[in-house]
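Colleague: Below are the C-alpha cells for one structure; questions will follow.
The values are calculated or read from the model by the stated rules, or taken from the named source; none is laboratory data. Bear in mind the structure is a predicted one, so any value in this text is a computation, not a measurement. Backbone-built Cβ (ideal geometry, glycine too); neighbour counts: all protein chains shown.
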Amino acid sequence: MGRIGFIGLGAMGRPMASNLARKGFALVVHDMRREPVEALAKLGATAGNGVAGVTHASEIVVTMLPDSPDVEAAALGPGGILDNAKPGQMLMDMSTVDPGTTDKLAAAAAKKGVGFVDAPVGRLVQHAIEGKSLFMVGGSKDDVARVRPLLEAMGDTIYHCGPAGAGTRTKLVNNYLAIFHCVLNAEALAFATALKLDLKTTLDVIYGTTAVNGQNKVNWPNKVLKGDTTPGFRIALAHKDASLITEAARKAGVPMFVGVAAREMLGQAMRTGDFADKDFSAMLDYVCQQAKVNPPRL
Ligand code: NAD
C-alpha cells in the first residue's frame, strides 16, 4: 500500500495515526498545531506540507477533524483535498459530521474519480490508544475493502453499514444514546447526591438493574467519578453532535423531545463556567453545580 495521509491529530486522530505508524504504514500527517505533528514524526511519520502537500504525497487521505465546516474546508475548499487529488486516490473521512456534508464529499469525490468512505469512530479515546476502536463504515464494497487494512490497524470492530453516508448516519443514532445517557446519568447522580445516598451502593444498584448503561458502567468510573474531567470527548463536541442529531431528526420528521433538551443542557454547560473543553462525563459536575451539591467521587 502507498503512503497514508492523516489530517487532524487531536484526542482521537493522534492515537489512531500513532497506531498506523507503529504498525508499519508510511504516513504523512498534518494538523494546525505543531505539537502532535512532532509527536507523530518521532514515530516515523513525515510532516506534510498542509492539506495540499498531504494529498500529493498519499494514496489514501484520512480526515479526523472536529466539525462539518472543518471537513468541508479541508476536502472541498479551494486548494483542498479534492482540488489536489488524482483519479484513483481515496478519501476516508472519520470525523463525526452532518450527513449532508458526507453526501457532498461522496458526490465530489465520485465526480473526480476518487474513492470515498465515511468511517466515523465509536468508543472512547482509551480504545483509540489501545487500537480497539469500532468503525461504522459507509461506501462501496471495493472502497471499503481498500481501507480495511487501515481500520484493522486502528480498531478491532468494523461494521459495513451500507453505501457512502450510512456510516455517518449510524454514528448519529449511536451518539444520540451515548450523549443522552451522559446527561441522564448526570441528573440521576446529582439527585442521589442531594438525597445524601452512598455513591458506591447507588452505582451497585444501578449496575444490577436495567438502569445500567455504557456511560455509567464504562466511561464514568474512569473519568468524572474518579475526578478526571480532562477530555476524552469534549462537551463542545458532544454539543456539536447533539446539534447534528436533532437537525438530522428534524429533516427526517422524527420528534426528539429528549434530544433537544439534552442539546440545550450541553449548550448551557458550555456557556456556564468552563465546561466546553471538559470530558462529557463532567455534565455531572455541571448539574451538581446547578443543584448546589458537591460532585460525588468514588
Ligand atoms: P479534537 O478537537 O481533540 O481534535 C481535532 C484536531 O483537528 C485538533 O488537533 C485540531 O488542531 C485539528 N484541526 C482542526 N481544524 C483543522 C484544520 N482545518 N486543519 C488541520 N487540523 C485541524 O477532536 P477529537 O476528539 O479528536 O474528535 C475528532 C472527531 O472525531 C470529531 O468529529 C469528534 O466528534 C469525533 N469523535 C471523537 C471521539 C472522542 O472520544 N474524542 C470519539 C469518537 C468520535
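Colleague: Are there any pairs with C-beta distances below 8 angstrom linking a residue in segment 246-264 that is modelled with pLDDT of 95 or more to a residue that is loosely packed, with under 11 Cβ neighbours inside 10 Å and not aromatic (Phe, Trp, Tyr), with the two at least 6 apart or on different chains, and if so which?
Modeller: Matching pairs, first to second residue: Ala249/Pro255.
Colleague: Now a separate question. Would you say Met32 is modelled with pLDDT of 95 or more and touching a Pro at 6+ places or on another chain (Cβ under 7 Å)? Walk me through it before giving the result.
Modeller: Numbers: modelled with pLDDT of 95 or more: yes; touching a Pro at 6+ places or on another chain (Cβ under 7 Å): no.
Criteria not met by Met32.
Colleague: Shifting gears a bit: Does Ala188 satisfy being surrounded by fewer than 19 Cβ atoms within 10 Å (Cβ to Cβ), touching a Gly at 6+ places or on another chain (Cβ under 8 Å) and at pLDDT 95 or above?
Modeller: Numbers: surrounded by fewer than 19 Cβ atoms within 10 Å (Cβ to Cβ): yes; touching a Gly at 6+ places or on another chain (Cβ under 8 Å): no; at pLDDT 95 or above: yes.
Answer is no for this residue.
Colleague: A further question follows. Which of the residues spanning segment 247-294 are surrounded by fewer than 22 Cβ atoms within 10 Å (Cβ to Cβ), among the polar types (S, T, N, Q) and either part of a helix (DSSP H, G or I) or within 14 Å of the ligand (Cβ to nearest atom) (or both)?
Modeller: Within segment 247-294, Gln268, Gln289, Gln290 qualify.
Colleague: What is the number of the single condition among (1) out of contact with any Leu (no Cβ under 8 Å at 6 or more places or on another chain); (2) of a type outside the set (S, T, N, Q); (3) over 20 Å from Arg123 (Cα atoms) that Ala248 does not meet?
Modeller: Condition not satisfied by Ala248: (1).
Colleague: Would segment 226-236 turn up any residue that is buried (at least 22 other Cβ atoms within 10 Å of the Cβ), within 16 Å of the ligand (Cβ to nearest atom) and more than 27 Å from Thr102 (Cα to Cα)?
Modeller: Within segment 226-236, not a single residue is buried (at least 22 other Cβ atoms within 10 Å of the Cβ), within 16 Å of the ligand (Cβ to nearest atom) and more than 27 Å from Thr102 (Cα to Cα).
Colleague: On to the next question. Only one of Phe275, Phe233 is touching a residue at least 12 places away in the same chain (Cβ under 8 Å), out of contact with any Pro (no Cβ under 9 Å at 6 or more places or on another chain) and farther than 20 Å from Leu172 by Cα; which?
Modeller: Going through Phe275, Phe233 in turn, just one is touching a residue at least 12 places away in the same chain (Cβ under 8 Å), out of contact with any Pro (no Cβ under 9 Å at 6 or more places or on another chain) and farther than 20 Å from Leu172 by Cα: Phe275.
Colleague: Of a type in the set (Ser, Thr, Tyr) and under 19 Å from Gly122 (Cα atoms) - does that describe any residue in segment 265-282? Talk me through it step by step, then tell me what you get.
Modeller: So in segment 265-282, the residues of a type in the set (Ser, Thr, Tyr) come out as 272, 281.
Still in the running and under 19 Å from Gly122 (Cα atoms): 281.
Yes, that holds for at least one residue.
Colleague: Still on this model: Checking Leu20 against (1) away from the ligand (no atom under 12 Å from the Cβ); (2) over 20 Å from the mean Cα position of the chain (by Cα); (3) closer than 22 Å to Met90 by Cβ, which test does it fail?
Modeller: Going through the list (1) away from the ligand (no atom under 12 Å from the Cβ); (2) over 20 Å from the mean Cα position of the chain (by Cα); (3) closer than 22 Å to Met90 by Cβ, Leu20 breaks only (2).
Colleague: Okay, next question. Return the pairs, sorted by first residue and then second, in which the second residue is charged (D, E, K, R) and assigned to a loop (DSSP other than H, G, I, E, B), the first residue lies in segment 25-51 and is more than 12 Å from the ligand (Cβ to nearest atom), the beta carbons are less than 6 Å apart, and the residues are 6+ apart or on different chains.
Modeller: From segment 25-51, the pairs are Ala26/Arg3; Val28/Arg3.
Colleague: How many of the residues in segment 170-214 are outside any helix (DSSP H, G or I) and either over 30 Å from Phe135 (Cβ atoms) or hydrophobic (A, V, I, L, M, F, W, C) (or both)? Please lay out each step first, then the result.
Modeller: Of segment 170-214, the ones outside any helix (DSSP H, G or I) are 195-198, 208-213.
Subsequent filtering for residues that are either over 30 Å from Phe135 (Cβ atoms) or hydrophobic (A, V, I, L, M, F, W, C) (or both) retains 195-198, 208-209, 211-212.
Of the residues in that region, 8 qualify.
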